[in-house]
Amino acid sequence: MSDTQLYAAREPIFPRRVSGRFRRLKWAILIVTLGIYYVTPWIRWDRGPALPDQAVLVDMANRRFYFFWIEIWSHEFYFVAGLLIMAGLGLFLFTSALGRVWCGYACPQTVWTDLYLAVERWVEGDRNARLRLHKAPWTAHKWRLRLTKWAIWLAIGLATGGAWVFYFTDAPTLLRDIVTLNAAPVAYLTIAILTATTFVFGGFMREQVCIYMCPWPRIQGAMMEEDTLTVAYRDWRGEPRGKGLRRRKAAAQAEEVAAPEAVTRAAGPQIGGRAPVIPMPGVPNTTTGAYDAATPGDCIDCNACVNVCPMGIDIRDGQQLACITCALCIDACDEVMEKIGKPRGLIDYLALSDAPRERAGGTPRAAWRHLIRPRNALYLALWSLVGAGLVFALFIRSEIEMTVAPVRNPTFVTLSDGTIRNTYDIRLRNKQGEPRDFALSLVSEADLAIELEGLEGTITEVPADTQRLQRVYVTAAPGSEAATSAETALRFWAEDIASGERAHRDTVFNGQEN
Amino acid sequence: MSQNKKDDVTGVETTGHEWDGIEELNNPLPRWWLWTFYATIAWGVVYTILFPAWPLVNSATAGVLNWSTRGQVAERIAAVDEARAGIEARLVETDLAAIPEDEELHSYAVNAGAAVFRTHCSQCHGSGAQGAKGYPNLLDDAWLWGGARDEIAYTVRHGIRNEDDPDARYSQMPAFGDILADEEIATLVDHVQGMAQGGDPAAGPGGELYQANCAACHGETGAGMREVGAPNLTDAIWLYGGDTETLTETITNARFGVMPAWGLRLDEADVRAVATYVHQLGGGEETAPE
């Protein structure tokens, strides 16, 4: 039998609690982002009797998107496309400037995992208690703690899936329907799927989602450059580590002898929570003992940075795929440095270009100076350009939306008295909550008459929140110039009777050319 | 099982496959992947039992659920028919002239009628209802047999000169080639062309011929007669054409335009829908003119 395993288990990670400025920032972002997510569907916005009063609503059935005072119909989908382009450029900008800052602070996977970890810590205690509990047999006590934790996780998952469906229909009505079991099956299915994914991704898969499922770590690696800020360890300041100097020296010598094994550890198949370590270029391998072993560095090898890491990695191994740059190791290390009276920033936001300079004795460069680069400026400019374009497009949106389609089958009709008639399909949209009356008229150098199909006079009513197709007949008297020439220019005007707003479209009248 | 050699660098066993010195590692699969794979196999087995799957000589296994795409289509058509039953009944019961007062019913009738028209009428009358030589244009304001909703519906239901339906609209213009001399026909063609330009229907030798042979159906003034489907000869519209050659042919041989009796093939709701649709194309009359 082969000794190859078909499967390798995930190694559980028990991140320790940490406090500091980045942890506070992450709490703030967690509260704000989750707050926006859960609260938004419940904000009301009055739009008149015929329209929904939910501030943010994606109305799939009627193909409408409501965002406070903005209403977007399906033909204006370019606004959504523009927002997606902005989101893409925004990620380019942030990745180029701050590395995987999205992963570390704002990614839903990170935010919900953070929330689930907080619950875990609250129920089962901090790292050591959880480690003990993990190894403990399944006693009543362990069951009680586990079930409590899972119940709270499940409740959060349910709230997450529940909040999602509220974006697609009136929230209060849907909540009542869900509770009274009257909601559509798709609502329950969506809630069930999102509850399950939240529960599993946030509670059990956690860092595995980032390492194995998400393409972003790979994409982002290609978008970073020397001046991109990322979380890194000042090995030139920290090495050799203060604790176990002698032991490490012996190990280093042993590793030189057994080099293949060392390579194996660095580049072997990584299954179960430990991603391959990709050493930073220009950073000496800390395990090979390239430092002067006699003068200890600032790192006391307390492992605080490893213990707080939600990905379970050691940042001192260098930049690596599994690092989501959540910066919790910075907080943990700063706390220790302060206790032992050393300057903060042994682990810090650094750029790759900082390493050679600082190693040569240069002073640390302010983080913000890394941000001002042509590439970032270009991304920011493109992002602003698309944003300004969208805002501009939003403001020049005509209050009256009219399209005119001349009927070309046939181009004209001869009536019994010889009159030449053209037909036009005029579509008028009314996005407002009340019906609107539009007066249609035409302007042309030729003598043309306008008539509305099925109506006396020239006023057509468009009901609230709909588009109306009004067929319009235009006639030219027998033998007149318009009746006998191939094309005559004409302009349709639509006027909102109530507001006096006007809009026009140009088209042509076709006659019978002799 | 043979023991394959281990890779030096990674310590992972190889599969034994080698291409130009490059060997394939036998890395383990994640368990979730394996279980997903097994689940797909189980799914496949269950699926082929429940649904039509295995091809036989002339058909395929029907599956335990007895489901088929054809059955599904029939079900959906039945569901649509059921959903429409109410408004179709209303369409049949409502007086044709009163349909426009009911906005929902009118909209339904026009859209359903448009579909009927495209399927059954557009072959002759054109997809835009603009007609062709011998097939009337339905967009204009000239009607051979009447342009009110009831009259249009009657024409659709019973057809024109259709032997399958005893109630079909029927008339026959004589072939004057057997009655009049060629010179007389030439004079008549000249006279009819003049009438379309506003000429006096009774004037000259052509007027005499017209009053004697044509006025019985086309009227003394040439305004036509809808009871017999005789076209108005004084307007700007020609069914077959107003040039000398076409008119000579029409008078010499006569015409015999036919239309199927759609009442034999469509249900009453469809007949009424298509009549409503044709009426609102631009030429419909509220009541027949006096």
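The values are calculated or read from the model by the stated rules, or taken from the named source; none is laboratory data. None of these values were measured; they are calculated from a predicted model. With ideal geometry, Cβ positions are generated from the backbone for all residues, glycine too; neighbour counts draw on all protein chains shown.
Within the range B:123-141, being at the interface with chain A (Cβ under 8 Å from one of its Cβ atoms) and either without any contact (Cβ under 8 Å) to a residue 24 or more places away in the chain or acidic (Asp, Glu) (or both) holds for B:126, B:127, B:128, B:130, B:140, B:141.
Residue A:468 passes every criterion in (1) in a strand (DSSP E or B); (2) surrounded by fewer than 14 Cβ atoms within 10 Å (Cβ to Cβ); (3) among the charged types (D, E, K, R) apart from (2). From the list A:242, A:221, A:238, the one residue that fits, being within 30 Å of residue A:360 (Cα to Cα), in contact with an Asp or Glu (Cβ under 6 Å, 6 or more places away or on another chain) and surrounded by 14 or more Cβ atoms within 10 Å (Cβ to Cβ), is A:238. Against the test of being part of a helix (DSSP H, G or I) and modelled with pLDDT under 95, the options A:138, A:102 yield a single qualifying residue, A:102. Would you check if residue A:322 is more than 14 Å from every other protein chain (Cβ to nearest Cβ), at pLDDT below 90 and touching a helix residue (DSSP H, G or I) at 6+ places or on another chain (Cβ under 9 Å)? Yes; evaluated as a whole, the condition is true for this residue.
Residue count for the range A:187-237 satisfying the condition of being part of a helix (DSSP H, G or I) and more than 30 Å from residue A:166 (Cα to Cα): 12.
Surrounded by fewer than 19 Cβ atoms within 10 Å (Cβ to Cβ) and over 20 Å from residue B:139 (Cβ atoms): does that describe residue A:453? So residue A:453 fails the test. You will find that of A:113, A:173, the residue that is surrounded by 20 or more Cβ atoms within 10 Å (Cβ to Cβ), modelled with pLDDT of 90 or more and in the same structural domain as residue A:42 (by TED's automatic domain parsing) is A:113 and no other. When A:393, A:355 are screened for being within 30 Å of residue A:497 (Cα to Cα), assigned to a helix (DSSP H, G or I) and touching a residue at least 60 places away in the same chain (Cβ under 8 Å), only A:393 passes.
Within the range A:136-163, residues that are surrounded by 14 or more Cβ atoms within 10 Å (Cβ to Cβ) reach partners that are outside any helix (DSSP H, G or I) with beta carbons closer than 7 Å, at six or more positions or on different chains, in the pairs A:142/A:136. All conditions in (1) free of Cβ contacts under 8 Å to residues at least 24 places away in the same chain; (2) touching a helix residue (DSSP H, G or I) at 6+ places or on another chain (Cβ under 9 Å) hold for residue A:488, with the sole exception of (1).
Conditions (1) within 14 Å of chain A (Cβ to nearest Cβ); (2) among the polar types (S, T, N, Q); (3) touching a Phe, Trp or Tyr at 6+ places or on another chain (Cβ under 9 Å), marked per residue:
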residue: B:242; (1), (2), (3): yes, no, no
residue: B:245; (1), (2), (3): no, no, no
residue: B:248; (1), (2), (3): no, yes, no
residue: B:253; (1), (2), (3): no, yes, yes
residue: B:264; (1), (2), (3): no, no, no
residue: B:270; (1), (2), (3): no, no, yes
residue: B:282; (1), (2), (3): yes, no, yes
residue: B:285; (1), (2), (3): yes, no, yes
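Of the helices (runs of 4 or more DSSP H) lying entirely inside the range B:1-119, those carrying at least 2 residues that are more than 14 Å from every other protein chain (Cβ to nearest Cβ) and within 30 Å of residue B:271 (Cβ to Cβ) are B:69-93, B:103-116.
Taking the criterion of being surrounded by fewer than 19 Cβ atoms within 10 Å (Cβ to Cβ) and either at pLDDT 95 or above or of a type in the set (Ser, Thr, Tyr) (or both), the only residue of the range A:412-424 that qualifies is A:416. Evaluated against (1) in contact with a strand residue (DSSP E or B) (Cβ under 6 Å, 6 or more places away or on another chain); (2) among the small types (Gly, Ala, Ser); (3) farther than 30 Å from residue A:45 by Cβ, residue A:477 falls short on exactly one condition, (1).
One residue is enough: does the range A:300-323 have a residue meeting the conditions assigned to a loop (DSSP other than H, G, I, E, B), surrounded by 17 or more Cβ atoms within 10 Å (Cβ to Cβ) and more than 37 Å from the chain's Cα centre (by Cα)? Scanning the range A:300-323, I find at least one residue that is assigned to a loop (DSSP other than H, G, I, E, B), surrounded by 17 or more Cβ atoms within 10 Å (Cβ to Cβ) and more than 37 Å from the chain's Cα centre (by Cα), so the answer is yes. Determine whether the range A:438-446 contains at least one residue that is surrounded by fewer than 13 Cβ atoms within 10 Å (Cβ to Cβ) and part of a loop (DSSP other than H, G, I, E, B). Scanning the range A:438-446, I find at least one residue that is surrounded by fewer than 13 Cβ atoms within 10 Å (Cβ to Cβ) and part of a loop (DSSP other than H, G, I, E, B), so the answer is yes. Kindly indicate whether residue B:233 is in contact with a His (Cβ under 6 Å, 6 or more places away or on another chain), touching a residue at least 40 places away in the same chain (Cβ under 8 Å) and within 14 Å of another protein chain (Cβ to nearest Cβ). Judged against the criteria, residue B:233 is a match.
Let's see how each residue does on (1) under 26 Å from residue A:26 (Cα atoms); (2) of a type outside the set (Ser, Thr, Tyr); (3) assigned by TED's automatic domain parsing to the domain that holds residue A:29; (4) in contact with a Lys or Arg (Cβ under 7 Å, 6 or more places away or on another chain):
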{"residue": "A:299", "(1), (2), (3), (4)": "yes, yes, no, yes"}
{"residue": "A:322", "(1), (2), (3), (4)": "yes, yes, no, no"}
{"residue": "A:331", "(1), (2), (3), (4)": "yes, yes, no, yes"}
{"residue": "A:353", "(1), (2), (3), (4)": "no, no, no, no"}
{"residue": "A:377", "(1), (2), (3), (4)": "no, yes, no, no"}
{"residue": "A:385", "(1), (2), (3), (4)": "no, yes, no, no"}
